[in-house]
Structures are given as C-alpha cells and as structure tokens.
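Participant: Below are the structure tokens for one structure; questions will follow.
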Amino acid sequence: MITANDILCLDRKETNKLPKNHLKLLNTSIFNFTKGCNGVAVSLEEARAYPDNTWVIYGAGMIKAVKNCWENNTPFFYIDNQYLGNMRSKKQWHRIIKDHVHDIRPIIERPRDRLEQVIKYIQWAQLKRPELNPTLLDPKPFTSGRNILIAPPSPKSFTLWNIDQQQWIDQTVAEIKKYTDRPIKVRLKRPRDDRFIQNTLEDDLKDSHCLVTYNSVAACEAIINGTPAFTLGPNAAQQLAKHDLSEIENPYIPSDDEREAWLRHLSYSQFTRTEMNNGTAWGILNG
C-alpha cells in the first residue's frame, strides 16, 4: 500500500505488467537507490496516481515521466550517466539530479574528497583495466584550434524538449555561419563502446576552436580537455560556457580555479551503486 510519504522509484516500465528483463532490473541503479532511500518500486502508471509524492526516474527512456513531473510540479530525482570518469562499457557512477536532468545549479563550494575518489578510481583503471579507456580528470591548458565541433545530444534526449535533432543541427550550423567562416564538424553520438575505441571525442577536440552542444555531457569533457564550450540548453557545463553563438569567435575561457571548483561541485552529483544502496547518496542529496 503506497502512502503519501513514500518515495516512488519508477522501475523503467510504464505499466504494471512485468517486463521481459524484470529479473535483470533487480541489479540496476534504480533498485539500489530504492533500497537506499527506503522507497517503493512502482511503474509509471502507478506513480501517476501520486503526483505529490517524490519520484525517482532513471534514464532517457523514461522521458515521459520527467515531462509528467514538470507538468504537475511533482518533485523528482533523475538518475543517468555520470559526468566524471566515463569509461568504455562500465558505469562506475551515475549522476543523480533533483528536479532536472542536469545539474544546472550555480557552483556550490565543495571539499575535494569525492573528486579524489573519482581520480583514484581512474588511476586504478588505467593500470588494471586499461581496456576501459577511462576519461581522464587532469584538466588540460586551453589551446586554440581551427574547427568548430558540434556535438548534438541523441534524438531520444532531444525529445524531452520536443526538438528534432537534424533540425537543431541545421539551425545551429546556419546560425554559426552568420558569425564565422571556420570549418564546422558534426559529431553524432554513437554507441558507448564505439566512441571509446576509435574517433574519440578527445580526438575531435584536438583542432577545435570550441564545442557547441545543447545538453550533452560532451561540453563537460571539452572543458576538461582545454576546449571552450557553448551550451544552448540546460547543461552541467553551462556555468563555465557561453550561450550566445554571436560570440563564437570569443568563447569563455574559465580559470583553473573555476574548473577545480566546478569539478568538485559535479563530483557531489554522482554516486556509485553502493552509495545508492547504503543511503549515502540519499543523505548527500538531501543534506
């Protein structure tokens, strides 16, 4: 029996019918988080009867649920891919965001403990699991490049804002051409394994003047790699980026201190499955 105080954790299905892979869901982040917050696993259909309860939503596959929360002012937490320490075929952390799909808050002053935790794991993976090809967390100096790199989110992600991916690309390219004659490259999102093996984002950034995106985490990786970013939608990198393409020739270059504070801030928005399971994530998110 659901009560008014229950945290409703949506188990990645819309109706009460069990999905074919229901047993696999028992080891997912949503179920770990359910334990950590003493929540109740429900379907979207069940949750809609309790718009005043807090919901927990996992991934772009449940965009309907996010839209539902925004339309009804339902409080929610959103779980998806991490910001820092991305790796091939392995998600050691997941970001968890309150009432949005990205951490768009002003940068909060944080200690370095959680950032150190991510760095140490990356260092371990470099030595013990190099095949994971971890995304490094050693901010590089900003350098100048020739190209403008456009990195649109996936079509699925764009549906949250009712945007067609190709239309956004066409409009963005046309807008950029009003202000510069630099070559423009478009990097479409590919399967996780593929983009960590060949033609990585870091490869494309090597001769880039800046990266332009909507809400993609690619903006975070660009700023870490020393390439400035323009974010045209809600983005975890928006505090260190510009948003007006008329300034494309004059991107924002954050200081090392700004990047350090931002990385510490983001490290407090992502958690391991163990931290979701044992209540650590819930405690930090509500602290």
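The values are calculated or read from the model by the stated rules, or taken from the named source; none is laboratory data. In this text, all values refer to a predicted model and were calculated from it rather than measured experimentally. Please note: Cβ atoms are built from the backbone with ideal geometry, for glycine as well, and neighbour counts cover all protein chains shown.
Participant: Scan (1) without any contact (Cβ under 8 Å) to a residue 60 or more places away in the chain; (2) polar (S, T, N, Q); (3) more than 25 Å from residue 55 (Cβ to Cβ); (4) surrounded by fewer than 15 Cβ atoms within 10 Å (Cβ to Cβ) for the single condition residue 165 breaks and write down its number.
Facilitator: Going through the list (1) without any contact (Cβ under 8 Å) to a residue 60 or more places away in the chain; (2) polar (S, T, N, Q); (3) more than 25 Å from residue 55 (Cβ to Cβ); (4) surrounded by fewer than 15 Cβ atoms within 10 Å (Cβ to Cβ), residue 165 breaks only (4).
Participant: Let me ask something else about it. Can you pull out the residues in the range 264-275 that are at pLDDT 95 or above, within 17 Å of the chain's Cα centre (by Cα) and part of a helix (DSSP H, G or I)?
Facilitator: Of everything in the range 264-275, those that are at pLDDT 95 or above, within 17 Å of the chain's Cα centre (by Cα) and part of a helix (DSSP H, G or I) turn out to be 264, 265, 266, 267.
Participant: Another one. How about the range 154-164: which of its residues are among the hydroxyl-bearing types (Ser, Thr, Tyr) and not in a helix (DSSP H, G or I)? Before the answer, list the steps.
Facilitator: Filtering the range 154-164 down to residues among the hydroxyl-bearing types (Ser, Thr, Tyr) leaves 154, 157, 159.
The one that is among the hydroxyl-bearing types (Ser, Thr, Tyr) and not in a helix (DSSP H, G or I): 154.
Participant: While we're here: Looking for whichever is in contact with an Asp or Glu (Cβ under 8 Å, 6 or more places away or on another chain) and either acidic (Asp, Glu) or without any contact (Cβ under 8 Å) to a residue 60 or more places away in the chain (or both) here; the options are 45, 71. Which one fits?
Facilitator: Values: 71 fails: in contact with an Asp or Glu (Cβ under 8 Å, 6 or more places away or on another chain).
After applying the criteria, what remains is 45.
Participant: Right, next: Within the range 64-81, restricting attention to residues that are of a type in the set (A, V, I, L, M, F, W, C) and assigned to a helix (DSSP H, G or I), which residue is farthest from residue 43 (Cα to Cα)?
Facilitator: Going through the range 64-81, the residues of a type in the set (A, V, I, L, M, F, W, C) turn out to be 65-66, 69-70, 76-77, 79.
Next, only the ones that are assigned to a helix (DSSP H, G or I) stay: 65-66, 69-70.
Working: 65: 10, 66: 13, 69: 14, 70: 18 Å.
Ranking the qualifying residues of the range 64-81, first place goes to 70.
Participant: Let me ask something else. Step by step: first the residues of the range 30-63, then only those that are in a loop (DSSP other than H, G, I, E, B) and among the hydroxyl-bearing types (Ser, Thr, Tyr), then the one that is surrounded by the fewest Cβ atoms within 10 Å (Cβ to Cβ). Which residue is that? Please lay out each step first, then the result.
Facilitator: The first filter runs over the range 30-63 and keeps only residues in a loop (DSSP other than H, G, I, E, B), leaving 37-39, 43, 48-54, 59.
Okay, now just the ones that are also among the hydroxyl-bearing types (Ser, Thr, Tyr), so 43, 50, 54.
Values: 43: 19, 50: 17, 54: 19.
Filtering the range 30-63 for residues that are in a loop (DSSP other than H, G, I, E, B) and among the hydroxyl-bearing types (Ser, Thr, Tyr), the one surrounded by the fewest Cβ atoms within 10 Å (Cβ to Cβ) comes out as 50.
Participant: Return yes when residue 122 is out of contact with any Asp or Glu (no Cβ under 7 Å at 6 or more places or on another chain), in the same structural domain as residue 55 (by TED's automatic domain parsing) and under 19 Å from residue 220 (Cα atoms) and no when it is not. Steps first, answer last, please.
Facilitator: Values: out of contact with any Asp or Glu (no Cβ under 7 Å at 6 or more places or on another chain): yes; in the same structural domain as residue 55 (by TED's automatic domain parsing): no; under 19 Å from residue 220 (Cα atoms): yes.
Considered against the rule, which asks whether it is out of contact with any Asp or Glu (no Cβ under 7 Å at 6 or more places or on another chain), in the same structural domain as residue 55 (by TED's automatic domain parsing) and under 19 Å from residue 220 (Cα atoms), residue 122 comes out as no.
Participant: Assess whether residue 140 counts as being among the basic types (Lys, Arg), farther than 27 Å from residue 57 by Cα and either in contact (Cβ under 8 Å) with a residue 12 or more places away in the chain or touching an Asp or Glu at 6+ places or on another chain (Cβ under 9 Å) (or both). Walk me through how you get there before you give the answer.
Facilitator: Working: among the basic types (Lys, Arg): yes; farther than 27 Å from residue 57 by Cα: yes; either in contact (Cβ under 8 Å) with a residue 12 or more places away in the chain or touching an Asp or Glu at 6+ places or on another chain (Cβ under 9 Å) (or both): yes.
Yes.
Participant: Looking only at the range 241-281, count every residue that is more than 30 Å from residue 178 (Cβ to Cβ), aromatic (Phe, Trp, Tyr) and touching a strand residue (DSSP E or B) at 6+ places or on another chain (Cβ under 9 Å) and tell me the total.
Facilitator: Within the range 241-281, residues that are more than 30 Å from residue 178 (Cβ to Cβ), aromatic (Phe, Trp, Tyr) and touching a strand residue (DSSP E or B) at 6+ places or on another chain (Cβ under 9 Å) number 1.
Participant: Of everything in the range 68-86, what is on the phi < 0 side of the Ramachandran plot and more than 17 Å from the chain's Cα centre (by Cα)? Give them in sequence order. Write out each step before concluding.
Facilitator: If we filter the range 68-86 for residues that are on the phi < 0 side of the Ramachandran plot, which is where we start, we get 68-72, 74-84, 86.
Residues satisfying the conditions are 68, 69, 70, 71, 72, 74, 75.
Participant: Let me ask something additional. Against the definition (at pLDDT below 95 and under 18 Å from residue 274 (Cα atoms)), how does residue 15 come out, yes or no? Talk me through it step by step, then tell me what you get.
Facilitator: On the way: at pLDDT below 95: yes; under 18 Å from residue 274 (Cα atoms): no.
No; evaluated as a whole, the condition is false for this residue.
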